[in-house]
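Q: The structure is given below, and queries will be raised subsequently.
The values are calculated or read from the model by the stated rules, or taken from the named source; none is laboratory data. Please read all numbers here as calculations on a predicted model, not as lab measurements. Cβ atoms come from the backbone with ideal geometry, glycine included; neighbour counts cover every protein chain shown.
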Amino acid sequence: MENDVIEIDVEKVLISAGGIINMHIKATLGIGELLVIFGNSGAGKTTLLRIISGLTNPDRGYLKVGKSVWLDTGAGINRTPQERNIGFMFQDFALFPNMTVSENIVYAQKEKNIGHVHELIEKFGLSEFAGRRPAKLSGGQKQRVALARALARKPELLLLDEPLSALDLKTRILLQDEIMKAHTFTHATTLLVTHDLTEVFRLAHKVLKIENGQIVALCTPDELFLNNQISGKVQITGNVVKIEKQDTFYLLTVVTGMNQIIKVTAFPNDIENLHEGDPVIVFSKAFNPIIMRL
Amino acid sequence: MDPAFAETLWVTFKLATLTTLILLIIGLPFSYYLAYSEFRLKPLVEAMVSLPLVLPPSVIGYYVLVAYSPRYWFGDMLSRVFNVRLAFSFEGILIASVIFSLPFMIQPLQNGLRSLPDSLREASYTLGKSKTVSFFRVLLPNIKPSLITALALTFAHSIGEFGVVLMVGGNMPGKTRVASIAIYDEVQSLNFDTANHYALILFLASFILLALIFTLNKKHDTWKMM
């Protein structure tokens, strides 16, 4: 069993705008999971991802992925980013401007395999743009190329640093699905950094919540954010995409994690502090819902 | 064409071409180091590289000449070990010219590299590519305008050299006599026609090179070059 986990134990002193933070992250993660690293900006999320990728050195650290030790400062082991089998997606996507979409993907491969390039291009709906340079792509298209490129090496670990923060809400929801698709398609353990609750609800198997460089929770999104009293009842999480005022109540449109669209009625006091884009839970109380055989 | 005139032009363009080639070979790794190293004494290295921009050429010429002199260890070693005397030779002005044009190659390249987001380099590393592969396949192709600017400026600056070459090389026809010195010489001898020919050629060569840089900068205004 111990070969099926990722063991992380890293420490680093971070100097941020808010002062000095002693970052210490110690966790054991399951291989194959989609873990969302959640927390406010400056909490150390990106630093954690960079330490895992080998782009930043910790002051002290241990990192074991499956059977192999990637980092052990005590034993003098520190694999370079090149020696860690990862796919890293940067906040600015970091697509190479001098290469076309397909050249970006080919560059990422260990050995040139045009078949796999075509497969990725098709999977992420990039066929139309395969010959274009990144400058000629929209934000959402760039994100898909960056994702396809990160997968081209068939990485063990897929690290996504706020991959959707630069995009508008609608594109974000669409691209969350692409990330889900990438995860199911590769089974690569995926670590996604975000400060956006929506992404936690829509994507995460597990959430690692970081505050001031320390882990405050490692659990499922439901456990972290939802009131225990409603567990056991029908509950669906999603995002509010539209709030419409009717005569005496409001009609909310919610898009669920499974991309279902649900209409929910709400009273004025329910929608206080609720805005389009907010993550919500829709659940039943008392005697509904009604069950029916299909 | 007058053979002496042609010879001087040949020396001038040979000097500029070789200077540019040597500086390209030195400049690529050196500018990479200056762009990304966190070495504590880097500002001193940068100051040394930039000195030719502000120092009078005669100062550099003087120090180079002193270094070449067999009375001091460097010149002494050259003459004893290699039997080479650099003062007043083409090789001597070539080395001096490389030193004098160093900032014109290094600065555009270093600025070009610094203007690229770090994530490009890092993305290439995470994709398993070495620093060398990342440099030649990702960094260099994306600073092409800076590279062309560096080459053109170095070349233009080298053909326009006067002080350093005069100090180190003298004015030996066919060996160290370059066009800029020839102009001075011809004017001293009241040969205004020949001076005019040299001047016109230098003027046109420099103008064409600079026009090329500005045309390219117009097309690639994204990467700040200088």
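Q: For B:Leu78, are the conditions met, namely being in contact (Cβ under 8 Å) with a residue 24 or more places away in the chain and not charged (D, E, K, R)?
A: Taking the combined requirement at face value, the residue does not satisfy it.
Q: Okay, next question. For A:Phe88, only one of the following conditions fails: (1) in contact with a strand residue (DSSP E or B) (Cβ under 7 Å, 6 or more places away or on another chain); (2) part of a strand (DSSP E or B); (3) closer than 23 Å to A:Glu162 by Cβ; (4) modelled with pLDDT under 95. What is its number?
A: (4)
Q: Being within 17 Å of A:Ile210 (Cα to Cα) and either without any contact (Cβ under 8 Å) to a residue 12 or more places away in the chain or acidic (Asp, Glu) (or both) is the filter here, so list the residues in the stretch A:184-200 that pass it.
A: Residues satisfying the conditions are A:Asp196, A:Glu199.
Q: Further question: Among the residues that make up the stretch A:94-107, is at least one of them within 14 Å of chain B (Cβ to nearest Cβ), among the aliphatic types (A, V, I, L, M), more than 25 Å from the chain's Cα centre (by Cα) and on the phi < 0 side of the Ramachandran plot?
A: Checked the stretch A:94-107: at least one residue is within 14 Å of chain B (Cβ to nearest Cβ), among the aliphatic types (A, V, I, L, M), more than 25 Å from the chain's Cα centre (by Cα) and on the phi < 0 side of the Ramachandran plot.
Q: Give the number of residues within the stretch A:233-259 that are assigned to a strand (DSSP E or B) and at pLDDT below 85.
A: If we filter the stretch A:233-259 for residues that are assigned to a strand (DSSP E or B), which is where we start, we get A:235-245, A:250-256.
Right, trim to at pLDDT below 85 and you get A:235-239, A:255-256.
Here the count works out to 7.
Q: Across the stretch A:108-122, which residue is surrounded by the fewest Cβ atoms within 10 Å (Cβ to Cβ) among those that are more than 8 Å from every other protein chain (Cβ to nearest Cβ) and closer than 10 Å to A:Arg149 by Cα?
A: A:Gln109
Q: Another one. Being in contact (Cβ under 8 Å) with a residue 12 or more places away in the chain, closer than 30 Å to A:Val200 by Cβ and in the same structural domain as A:Thr171 (by TED's automatic domain parsing): is that true of A:Gln109 here? Working first, answer last.
A: Numbers: in contact (Cβ under 8 Å) with a residue 12 or more places away in the chain: yes; closer than 30 Å to A:Val200 by Cβ: no; in the same structural domain as A:Thr171 (by TED's automatic domain parsing): yes.
Against the criterion (in contact (Cβ under 8 Å) with a residue 12 or more places away in the chain, closer than 30 Å to A:Val200 by Cβ and in the same structural domain as A:Thr171 (by TED's automatic domain parsing)), A:Gln109 does not qualify.
Q: If you don't mind, there's one more thing I want to ask. From the list A:Ala148, A:Ala43, pick out the single residue that is out of contact with any Gly (no Cβ under 6 Å at 6 or more places or on another chain), closer than 30 Å to A:Gly213 by Cβ, at pLDDT below 95 and among the aliphatic types (A, V, I, L, M).
A: A:Ala43 is the lone residue from the list that is out of contact with any Gly (no Cβ under 6 Å at 6 or more places or on another chain), closer than 30 Å to A:Gly213 by Cβ, at pLDDT below 95 and among the aliphatic types (A, V, I, L, M).
Q: Right, here's the next one. Give the number of residues within the stretch A:31-61 that are touching a residue at least 60 places away in the same chain (Cβ under 8 Å) and away from chain B (no Cβ under 14 Å).
A: Here the count works out to 15.
Q: Filter the stretch B:90-127 down to the residues that are of a type in the set (D, E, K, R) and within 20 Å of A:Arg149 (Cα to Cα) and list them by number.
A: B:Asp118, B:Arg121, B:Glu122
Q: Another question about this same structure. Which residue is modelled with the highest pLDDT, if the candidates are limited to the stretch B:199-226 and must be surrounded by 15 or more Cβ atoms within 10 Å (Cβ to Cβ) and more than 21 Å from the chain's Cα centre (by Cα)?
A: So the residue we want is B:His220.
Q: Would you call A:Ile77 surrounded by fewer than 21 Cβ atoms within 10 Å (Cβ to Cβ) and more than 9 Å from chain B (Cβ to nearest Cβ)?
A: yes
Q: Here's something else I'd like to know. Being surrounded by fewer than 16 Cβ atoms within 10 Å (Cβ to Cβ) and out of contact with any Ser or Thr (no Cβ under 7 Å at 6 or more places or on another chain) is the filter here, so list the residues in the stretch A:34-65 that pass it.
A: Listed by number, the residues that qualify are A:Asn40, A:Ser41, A:Asn57, A:Asp59.
Q: Exactly one of (1) surrounded by 18 or more Cβ atoms within 10 Å (Cβ to Cβ); (2) within 21 Å of B:Leu120 (Cα to Cα) is unmet by A:Gly131. Its number?
A: The one condition A:Gly131 does not meet is (1).
Q: On to the next question. If we scan the stretch B:139-158, do we find a residue that is under 13 Å from A:Ala108 (Cβ atoms) and of a type outside the set (Lys, Arg)?
A: Checking the stretch B:139-158: not a single residue is under 13 Å from A:Ala108 (Cβ atoms) and of a type outside the set (Lys, Arg).
Q: Hey, which of the helices (runs of 4 or more DSSP H) in the stretch B:75-174, taking only ones fully inside, have at least 1 residues that are modelled with pLDDT of 95 or more and touching a strand residue (DSSP E or B) at 6+ places or on another chain (Cβ under 8 Å)?
A: Values: elements: B:90-115, B:118-126, B:131-134, B:144-159, B:163-169.
Passing ranges, in order: B:118-126.
Q: Next question, about the same structure. Considering only the stretch A:197-213, state which residues are among the acidic types (Asp, Glu) and over 12 Å from A:Gln176 (Cα atoms).
A: Passing the criteria: only A:Glu211.
Q: Look at the stretch A:138-153 and say how many of its residues are over 17 Å from the mean Cα position of the chain (by Cα) and touching a residue at least 40 places away in the same chain (Cβ under 8 Å).
A: Of the residues in the stretch A:138-153, 2 are over 17 Å from the mean Cα position of the chain (by Cα) and touching a residue at least 40 places away in the same chain (Cβ under 8 Å).
Q: Determine, yes or no, whether B:Leu28 is among the aliphatic types (A, V, I, L, M), assigned to a helix (DSSP H, G or I) and within 16 Å of B:Glu161 (Cα to Cα).
A: no
Q: On to the next question. Assigned to a helix (DSSP H, G or I), over 22 Å from the mean Cα position of the chain (by Cα) and either closer than 19 Å to A:Leu174 by Cβ or of a type in the set (A, V, I, L, M) (or both): is that true of A:Glu128 in this structure?
A: Yes: the conditions hold for A:Glu128.
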